[in-house]
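Here's the structure we're looking at; comments come further down.
The values are calculated or read from the model by the stated rules, or taken from the named source; none is laboratory data. These numbers were taken from a predicted model, which means no experiment stands behind them. Reconstructed Cβ throughout: ideal geometry from the backbone, glycine too, with neighbour counts over all protein chains shown. Note: areas computed on protein heavy atoms with side chains; ligands, DNA, RNA excluded. Shrake-Rupley method; radii C 1.70, N 1.55, O 1.52, S 1.80 Å.
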Amino acid sequence: IYADPTKRLELYFRPKDPYCHPVCANRFPTSTMLLKVKRRTKKKKQQLDSGEEIQPEVQFEMEIVGTVTTVYKFQGMSDFQYLAMHSGPDGKQTSMYDKVLMLKPEKEEFFNGELPLYIPPPIFSRLDTPVDYFYRPDIQHREGYNNPQVSGENLIGLSRARRSHNAIFVNFDDEEIPTKPLDAAVQTWKKLCTNSVDKKVEEELRKLFEVRPVWSRNAVKANISVHPDKLKLLLPYLAYYMLTGPWRSLWVRFGYDPRKHPEAKIYQVLDFRIRCGMKYGYASNDMPVKAKRSTYNYSLPITVKKPVSHTVSVHDLKQGLGTSGASGTKKSASSMYKLKESVYIFQEGALPPYRQMFYQLCDLNVESLQKIIHRNDGTESECTERDGWCLPKTSDDLRDSMSLMIKQIIRSARPALFSSTTSSEDGKEQLTYESGEDEDDEEEEEEDFKPSDASENEMETEILDYV
């Protein structure tokens, strides 16, 4: 525990009981001394003439043994303890530990024996410190008011309601596309767009949509410097969001319908995932590309939570985030929040920054890939939900070619991984297509926001930001 500063020290009141729930101590830095104190008592003989007892002489000796830099303090409350007990008809409690704990190899009779129902709790309290819960007072309605009928939308969920950012979502099957933003989106942006920096960012984003009517959020972040919280309010003001189809997870300029323009083929999205596995010659641990998030990155009671960033207030948004304190930072405001081009552009000879990427076809800067995309130029007849304006299986062909390029990069960087493989060397490697839905993500720890990295998975997190 001491070696890992993110862990909490556990104390079990009953160490041999697997159902014992511990109390946890938090780790604190300190600068104190460890003292060794000796108490010496020198007894004196009683005076016979007076009969009074003389107090013994006490002396203390202190020695500094060392310094203490870390302490653990048990500040939380003890949780409920669940015992493997059974209450009989007469109310007498009997222990069940000898029946539910297998301390040695047992025969079949141990498992087939009759046993009272014992179901331990699946989880204990996640918090061990008291928290004030501010209940709302009962609302006093006027006479004749009736509460509305409860529906599924009004039930309390497991998490808080999402803050609305007034984005318009469009499915591929929708007949009409929006031509202007919601009034609420206009009012929200006009209310917060109060300085020259915000107006400049708005103009820059307008120019981006004039040059290219469809953008991903990461591509926008790589072209203009804008705080993520302000971008959440600016994008719904200038574009709508596609939920399904070949332009899913992308922002489309108001009034532009890519389903009616064959030239919008180059703006379609490609969900690409780097293939890992022994059949490709390297395992997930050998992959020199990190993942976007971790399946193990959950806040457990025995671990210390990461420090959260300061909550953004409306006042901060009005003042223009990132501009007031830009003088004290190394990067200027013009590039403070910009991402690298690699977060949305695929280059030949370079590995993607993450194992799962969402590329627009026009951002695949490889001549062989562009030939695959433009195989049917001038003969596009129908826009389908799976392939858009491209030929069928175009996405599969692109993934196969990109996987070969990445494998060659890894082969040149780590030749030892491929020394024992039996793949053919004639340039014709057989790779099996894996869809984005079937492949399990090999994920590592998610890092905090850095202006040079992309940290969002558009399909999984961006929608939740705007619902």
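So the values come out like this:
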{"read-out": "5 angstrom amide H check on residue 337, placed H, neighbours 5+ away", "value": "226"}
{"read-out": "Rg/Rh (Cα only; Kirkwood hydrodynamic radius) as it applies to segment 170-279", "value": "1.03"}
{"read-out": "Solvent exposure, largest accessible area first (probe 1.4 Å, DNA, RNA and ligands not counted), of 54, 274, 168", "value": "54, 168, 274"}
{"read-out": "Ordering of 225-233, 4-12 by packing [mean C-beta count within 10 Å, highest first]", "value": "225-233, 4-12"}
{"read-out": "Entries of 200/260; 230/340; 180/260; 7/73; 190/232 with Cα pairs more than 23 Å apart", "value": "200/260"}
{"read-out": "Two-site FRET efficiency, residue 191 against residue 341, from Cβ-Cβ distance with R₀ of 30 Å, rounded to 0.05", "value": "0.35"}
{"read-out": "Nearest-10 value in Å² for the accessible area of residue 102, using the 1.4 Å probe", "value": "110"}
